[in-house]
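The values are calculated or read from the model by the stated rules, or taken from the named source; none is laboratory data. All values derive from a computational prediction rather than experimental measurement. With ideal geometry, Cβ positions are generated from the backbone for all residues, glycine too; neighbour counts draw on all protein chains shown. Surface accessibility is based on the protein's heavy atoms, side chains included, excluding ligands, DNA and RNA. Shrake-Rupley method; radii C 1.70, N 1.55, O 1.52, S 1.80 Å.
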Amino acid sequence: MDVLIKLIWQEEADQNMPLPSYQTIGSSGADVRANLGASGATLDILPGERKLIPTGFCLEIPENYEIQIRPRSGLALKYGITVLNSPGTIDSDYRGGVGVILINTGEDNYRVSHGDRIAQIIVSPVVKATFASVKDLNKSNRGGFGSTGNR
């Protein structure tokens, strides 16, 4: 099922940047790129440091959908670069600029260059719940937090 996600470029963005895109026919996530402006700038993320990396665009997500921002596994494995609040959520009523919070958990500086693929986005339906205060919950065989063991 295809879902239309509308995108506009921010004024300061390099508007020649590729749109988010799926790299293979079986990809669940569309890669997004660092948009550091048309000057082709770079920025460094020091070990233990986190930075908000701009994508240069704003989105219109249909009601009852969200976009999740997730790490790219290659960056995590090779460099220790991951999305800090993974998965990050972009709600359907948000219209501001999309940024990706990257953190460097590695031991070396990591340089983000203009146009680098920095994360992937997943379009997902949202199910809304109704919450109710009750006197009792149905019994379960499950114990408390961590009750299934460590391994």
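Each Lys and Arg Cβ is given +1 and each Asp and Glu Cβ -1; about its Cα centre, the chain then shows a dipole of about 720 debye.
Per residue, what accessible area does the chain have, given a 1.4 Å probe and all protein chains present, in Å²? List each step's numbers first, then the result.
Numbers: 10420 Å² over 151 residues.
Computed with neighbouring chains in place, this is 69 Å² per residue.
Mind ranking 99-107, 56-64, 85-93 by how tightly packed they are, going by the mean number of other C-beta atoms within 10 angstrom, highest first? All intermediate terms of the calculation are to be shown ahead of the outcome.
Working: 99-107: 18.3, 56-64: 16.0, 85-93: 14.2.
So the peptides 99-107, 56-64, 85-93, ranked by packing, come out 99-107, 56-64, 85-93.
Once the C-beta distance of Tyr94 and Phe145 is scaled by a Förster radius of 25 Å, the resulting FRET efficiency is 0.20 to the nearest 0.05.
Could you size up the charge dipole of the range 27-108 around its Cα centre, putting +1 on the beta carbon of Lys and Arg and -1 on that of Asp and Glu, and report it in debye to the nearest 20?
Working: 7 positive and 10 negative charges, 43 e Å.
Result for the range 27-108 is approximately 200 debye, rounded to the nearest 20.
In terms of overall dimensions, the range 77-118 has a Cα radius of gyration and Dmax of 12.5, 38 angstrom. On the accessible surface of the chain, probed at 1.4 Å, how many percent belong to carbon and sulfur atoms? In the chain, the share of accessible area belonging to carbon and sulfur is 48 percent. P(r) tail for the range 43-109: Cα pairs beyond 18 Å make up 41% of the total. A simple spin-label model places the labels of Lys78 and Leu19 2.7 nm from each other, with each point 7 Å out along Cα-to-Cβ.
Taking label positions 7 Å along the Cα-Cβ direction at both Asn64 and Asp2, the computed distance is 2.0 nm, reported to one decimal.
For the peptides 3-11, 25-33, the ranking by mean Cβ contacts within 10 Å, running from highest to lowest, is 25-33, 3-11.
Every helix of 4 or more DSSP H residues in the chain counts as -39500 (n - 2.57), and over all residues that averages to -1000 deg cm²/dmol at 222 nm.
By the compact-protein rule of thumb, 2.2 N^0.38 Å, the alpha-carbon radius of gyration of the range 1-144 corresponds to a ratio of 1.25. Between the range 89-146 and the range 4-54, what's the alpha-carbon centroid distance in Å? After rounding, the separation between the Cα centres reads 18 Å. The residue among Asn141, Leu46, Gly97 whose Cα reaches farthest toward the positive pole of the charge dipole of the chain, with charges on the beta-carbon of Lys, Arg, Asp and Glu, is Asn141.
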